[in-house]
Amino acid sequence: MATRTRLAAVLSSLAAVVLLSAGCTATPGAVTPTNSPVPSATTGDDAGDIEGVLLDEGRMFAVVTWGSSSCIPQVDEVSADGQTVTLNLVDLDAEDGKEKVCTADFAPRASIGALPEGVDPTAEITLQVTYGDIVDDVELDGDPAFTGKPGTSTEYQPSAGWFDDESLVLLTWGSSGCPPVVESVEGAGNAGTVTFVTDADQMCTMDMAPRLTIIAFPDDDVDDDDFTLTLAGGGLEGAVKVHSS
């Protein structure tokens with residue numbers, strides 16, 4: 001029998017203190033903001049591409065789409081029938097009657113969701129994703145080393161997964177008002193380091209939320225097999241084994 005849940009409800013069961021927030025904020029160096037319609041499968045070579053990774057020891061997943069980096073779609077309803085997980089991505093509506101505008105860049109964006117109870121993250125999973133008129137199946141390899149179980153509480157540890165040969169999604173936990181900002185990335189072979197900006201004067205909201213950061217390495221510099229990512233700066237210190245999806 002299929003199970004169905006909304007992201008907010010599942011995240012609440014993972015951790016009562018998690019508060020998700022999302023917005024549309026221009027970033028330094030961004031081009032003039034524009035309206036950002038839901039992408040079409042025919043609007044570009046990459047516009048219809050959807051990738052995915054498993055995170056948080058198999059409790060959560062991220063879906064990667066292409067579009068404005070400042071307007072990230074949200075995972076809406078998620079349902080599961082065995083190892084097949086069906087979900088919708090939606091764009092957030094403007095608040096207070098204001099017109100929604102987004103920076104006119106074109107970049108990979110990661111949207112977070114929680115796997116429904118009963119899905120086995122150690123076995124292969126199929127994500128059936130709908131976003132506007134884009135419908136795509138994303139095959140994810142399970143990992144027998146995962147120690148988490150969908151529906152259980154997170155341990156607030158960073159985790160990461162590859163979505164192509166040179167790019168990964170990193171999940172960290174902290175203030176939703178102060179997401180990590182990448183200062184530099186370097187890597188070779190099966191090891192790499194990402195350094196984040198440290199701003200001692202930054203004012204942050206007092207919540208504990210999941211934050212997704214896409215990390216990209218130069219072509220052919222890294223081997224995604226048994227890869228370790230070291231985190232430095234921005235209050236994030238430690239090493240993360242990156243899962244191959």
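The values are calculated or read from the model by the stated rules, or taken from the named source; none is laboratory data. Source: prediction; values computed, not measured. In case anyone asks, the SASA skips ligands and DNA or RNA and just uses the protein heavy atoms, side chains included. Shrake-Rupley method; radii C 1.70, N 1.55, O 1.52, S 1.80 Å.
Things to note:
- Whole-Hz Karplus values for segment 208-221 come out as 10, 10, x, 10, 9, 10, 8, 10, 10, 10, x, 4, 6, 8 Hz, taken residue by residue from phi with 6.51 cos²θ - 1.76 cosθ + 1.60 and θ = phi - 60°; glycine and proline positions read x.
- Stokes-Einstein diffusion for segment 146-245 at 20 °C, viscosity 1.002 mPa s, with a Kirkwood radius from C-alpha pairs, works out to 151 µm²/s.
- Coupling constants for segment 134-141 follow from the phi torsions by the Karplus curve (6.51 cos²θ - 1.76 cosθ + 1.60, θ = phi - 60°), and in residue order they are 8, 10, 8, 9, 10, 8, 10, 6 Hz; glycine and proline get x.
- For residue 102, the amide hydrogen comes within under 5 Å of the amide hydrogens of 34, 35, 36, counting only partners 5 or more places away or on other chains and with H modelled in the peptide plane.
- Kirkwood hydrodynamic radius over Cα pairs of segment 68-166, then Stokes diffusion coefficient at 25 °C and 0.890 mPa s, in µm²/s: 157 µm²/s
- Candidate residues 106, 163: accessible-area rank, largest first, probe 1.4 Å: 106, 163
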